[in-house]
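For reference, the structure discussed in these notes is given below.
Please treat every number below as a calculation from the coordinates, not as lab data. A quick note: this is a predicted structure, and the numbers were derived from the prediction, not measured. Cβ sites come from the backbone with ideal geometry, for glycine too, and all protein chains shown count toward neighbours.
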Amino acid sequence: MPTQYRLPSLTDRGALVRLAMIGAAVASVAGCFAYVAGWFSPHRLTQARLIDTFEQVNGVYSGFRRNHAKGVCIAGYFESNGQGARLSKAVVFQPGRVPVIGRFALAGGQPYMADGPKAVRSMALSFRPRDAEEWRTGMNDIPVLAVRTAEAVNEQLLASKPDPATGKPDPAKMKSFLAAHPETARAIQLINAKPFSSGFANATYNSLDAFRFVNAVGASTPVRWSMVTAEPFEPGAPDQATAQDKNYLFAALIARIEQAPLRWHLIVTIGQPDDPTDDATTPWPDNREHFDVGTLGRVQLVPLRDSHDRSLSALPAVRQMH
Ligand code: HEM
């Protein structure tokens, strides 16, 4: 005899309670999505609103990143010397070689912007150890970030938006932004006090944000890191940009890579207990312990179609590592 199953009646109290619980679970998941999308708080800055601001200020360039839009992709290797393993259990810090893909870019949301001696340059890397967690990091060639929070990024972008009447940003808006953000005014002074290098190849790229390394016994250490160029430093000349070649920084990088592959040293700096870990506008004192954990080498250019360019992102939320 086949087993007989009885469907619970909808007048059955237990069934109604269970249905109500399922309904409540579905409603709370929908509520979470609505909260994240900002439906309950139209003035809260969500990712979507921030990205809208980037597009409002820079224009819409389909297929390009909303920031660091102008760039070229690279590939190379990271040769770890094993020194990083005392602070981090990440596979990339075990002795050995890990393939890396990455991207050099200019900060800013316009893919056709002209290169210039004070254009902020970036290096974004994705370390891809075999059968282990990938590590992504985005670094800039300035000593500190000009803004402390995503809200401040949003305000700064709006303050720098060109006025349609003049084609230039309204100086009064930037003045009031700086008055409300003294940390930005201080950070800009630090950025201007440090000479920019003449190119991508002889620039040093800094994490700016602080992170925590966790080692094999669970000890957590605040760190910042830099990719320090192996090329001799040469300051960029103010007249370096030429009207004829608005891509002169990229052209020089390509020419330099064609001569011989480039190298950088990954230097980790250890923070002390009072060093800020939530403020990229403030540098740590120069005397902090720092050490070399390995070399980024054999850096080559990668044609866009082969570079997984669109899959590489260095958004802050995915730059964590253990
Ligand atoms: C303060 C908040 C920040 C905001 C709102 C922000 C925003 C963005 C956005 C929208 C992109 C484009 C991402 C994409 O389309 O894939 C981007 C890329 C990038 N950001 Fe940030 N960023 C912030 C902080 C930082 C910091 C602290 C650094 C580190 C120095 C950094 C370095 C980079 C780099 C290197 C890229 C280019 C990635 C690539 O070439 O693939 N950003 N950022």
Quiz item: Taking +1 at the Cβ of each Lys and Arg and -1 at the Cβ of each Asp and Glu, which of LEU178, LEU262, LEU158 sits farthest along the dipole of the chain towards its positive end, judged by Cα position relative to the Cα centre?
Solution: LEU158
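Would you please classify the overall shape of the range 1-147 from the alpha carbon gyration tensor, given that a ≥ b ≥ c denote the square roots of the eigenvalues, rounded means a/c under 1.5, and beyond that prolate means a/b larger than b/c while oblate covers the rest? Don't skip to the end; give the middle numbers.
Details: a/c = 3.29, a/b = 1.68, b/c = 1.95.
The shape class here is oblate.
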Quiz prompt | Charge tally in the Cβ shell below 12 Å around ALA252, where Lys, Arg are +1 and Asp, Glu are -1, ALA252 excluded | solution = -3
Practice problem: Would you mind classifying the range 157-309 by shape? Square roots of the alpha carbon gyration tensor eigenvalues, ordered a ≥ b ≥ c; an a/c under 1.5 is rounded, otherwise it is prolate if a/b is larger than b/c and oblate if not. | Solution: oblate
Self-check item: Size of the range 1-80 as Cα extents on the principal axes (Å, biggest first)
Solution: 70, 42, 28
Quiz item: Which value at 222 nm does the chain reach when only helices count, each DSSP H run of 4 or more adding -39,500 (n - 2.57), with the total divided by all residues and rounded to the nearest 500 deg cm²/dmol?
Solution: -8000 deg cm²/dmol
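List, in the order given, every pair from LYS168/LYS194; LYS118/LYS246; LYS161/LYS194; LYS70/LYS118; LYS161/LYS246; LYS173/LYS194 whose Cα-Cα distance in the structure shown is over 24 Å.
Numbers: LYS168/LYS194 26 Å; LYS118/LYS246 13 Å; LYS161/LYS194 26 Å; LYS70/LYS118 15 Å; LYS161/LYS246 22 Å; LYS173/LYS194 26 Å.
Pairs exceeding 24 Å: LYS168/LYS194; LYS161/LYS194; LYS173/LYS194.
Which value, in nm² and rounded to one decimal, describes the direction-averaged projected area of the C-alpha convex hull of the chain? Mind showing how you got there, number by number?
Details: hull surface 105.9 nm².
The directionally averaged projection comes out at 26.5 nm².
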Quiz item: Under a Cβ-Cβ cut-off of 13 Å, what is the net charge of the residues other than ALA119 that fall near it, where Lys and Arg count +1 and Asp and Glu count -1?
Solution: +2
Quiz prompt | Student exercise, the chain dipole from Lys, Arg, Asp, Glu Cβ charges, in Debye to nearest 20 | solution = 780
Quiz item: Which residue, PRO164, PRO283, PRO235, has the most motion in a Gaussian network model of the chain that connects Cα atoms within less than 10 Å?
Solution: PRO164
